Amino acid sequence: LLDQARRRAAHTTRQPQMCLSRSASERSLVQNEQSSSSSLAASPAHAKAAAAASAVEAQLRQRAHAAAPEAARQAARQSPLRRARDESSDDGWPSATFDTSRWRWREFALIYGAYMTLLLARKNYGFWLPSVLSELGAGKGEAGMLGSTFEIAYGSCALLNGILIDLVPPKALLVGALLTSAGVNVALGSAGSLGMMALLWGSNGVAQSFGWPSITNVFLAWFPDPASRGSWYSLLSTCQNAGAALVPLVVSATVARFGWRAAVYTPAAAAAAAAFVLAALLFGSPAAVAAVHGKGDMQVARDAPQRKLGGSGLASMLGKHVLLNGELWLMGASYFCISLVRTSLSDWSAIFLEEAKGMQMHTAARCLFAMESGGFVGSLVAGAASDRFFAGRRGPVVCICSSLLVPALVAILVLDSPLALQAAYAWVGFCAFPVHVLLGLFSREVTPQHLSSSAGGFVKCIAQVGGAVAGLPLGFLQQRAGWRGVFLLTACISAASALATLPLWFTMAQGATITARHGTVADFQQMQQAGSGRACGGGGLAALDSSSRPLRAADKKRL
């Protein structure tokens, strides 16, 4: 009754302006409508309806005025995030104005520092080992057992723990890895035999294998758009360089003052402190922020299906999306080649430069430093290039960098000038490190999100095999074919890496979103499906607008 009265009153009070382009028939229709409205306004029924509408409006105003103080008190008690949600959304409909940038950068800083701490508890190996060897009277061959135990444990768990990493929240895994690594380092300080130390150090490798995959899961949750996250993933990967540079500064200073046990106690204290900081401050995903701060309708609903992994279908899903995924095998082949080239240069360059180029050790160290520096810059540039020039496709950058390694390796073989060799090593680092960084991200982007860690562990395991081949097999090759044969083989392997990634040139991330100013295509599809579901009885957009939860202005703007 109230709506009818308002419409009739609107007809009587509103005089539509007639457009000059209207035809005579249109003007006649408008005049007839106005005349009929006037007759309705003069009728007794209309007067009674208008009076009833005025009475209802007066009652509504009184109720609103009485409820205003209570609503103000409730709004004052609400958190700013909850208040922003209530002001920008109707009936729980997802809001387009939710800003997660503040939380995103805090999460990024937390995981960056977390991995630096993990490296501190892992790269301290060389600072306490000499003192332990002299204290226990062990030789270098026995000492190699410690490093081998860690690498075997780390490499094998990179493949096996992918399923667990996909099932368990990354925050819990990161906190557990840091606490376990801290406990292992404390136990090393009181271990009395080399066998016990090898067992403890191997368990540290198991704990450390959960670190980077969990950090990657947090990163992917906060940077879901493949077209823009390559640059940020490259920046995140620099925590490995920063952590490796921090270890000698921190550990050597404490060892010089407190003895070799400080090399294990100091990283243990830092890892334990970082674990408590993550437990208190890290959320792990936008859904966790939404659950805590009451903005969880849209995010939790989207993230929930990603965690449903039934035991019966898990094997078939791993077989279909990981083990039988041709794209992952191509990435694994490329990663194998690049890992072999990188490891061979890191392990054999000092001997090669001394024997073949007549360099002293400090000059050879400059070449290796140039390679690390070039890798730092190349990782940042490659991630930005994949976003800016290839719309988030990693395949072109990996293919180009692998192919550019071929002339750089040949140049190292034929050049003799120290400065030219340093430039060649920097070029190798600039091209090799981006492949290492981007393939770790690329392998997770081409599989469903709930299997991303399994895919990353699968490719990483193949890369570990390539690093192992760079040891003894290349040593035998050098004895028979010389350094010329070694570098020509690595150049051919780099070309093979480029050929392996060439079919991945146009491969996009799975579930890639086309980002617009106020939403994505996925948002539009979600609203479209919701509209079609509510309008299943017919009516199309009219039924969508007239449903119990209509589109708001902000949602229409996103459409």
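The values are calculated or read from the model by the stated rules, or taken from the named source; none is laboratory data. Keep in mind it's a predicted model, so treat the numbers as computed, not measured. With ideal geometry, Cβ positions are generated from the backbone for all residues, glycine too; neighbour counts draw on all protein chains shown. Note: areas computed on protein heavy atoms with side chains; ligands, DNA, RNA excluded. Shrake-Rupley method; radii C 1.70, N 1.55, O 1.52, S 1.80 Å.
Each Lys or Arg adds one and each Asp or Glu takes one away; over the other residues whose Cβ falls under 12 Å from the Cβ of PRO418, this sums to +1. Taking every protein chain into account, the 1.4 Å probe leaves LYS357 with about 40 Å² of accessible area, to the nearest ten.
Each Lys or Arg adds one and each Asp or Glu takes one away; over the other residues whose Cβ falls under 12 Å from the Cβ of PRO226, this sums to +1.
Rounded to the nearest 10 square angstrom, TRP201 shows an accessible area of 10 square angstrom against a 1.4 Å probe. Entry comment: accessible area of region 169-252 is 30 Å² per residue, from protein heavy atoms only and a probe of 1.4 Å.
Net charge around PHE352, counting only other residues with Cβ within less than 15 Å of its Cβ (Lys, Arg = +1; Asp, Glu = -1)? With Lys, Arg at +1 and Asp, Glu at -1, the net is 0. Placing a pseudo-label 7 Å from each Cα along the Cα-to-Cβ vector at MET196 and ARG484 gives an inter-label distance of 5.5 nm.
Among ARG61, ARG388, ARG122, the order of accessible area from largest down is ARG388, ARG61, ARG122, computed with a 1.4 Å probe on protein heavy atoms. TRP427 contributes an accessible area of around 110 Å² to the protein surface, as traced by a 1.4 Å probe with all chains present.
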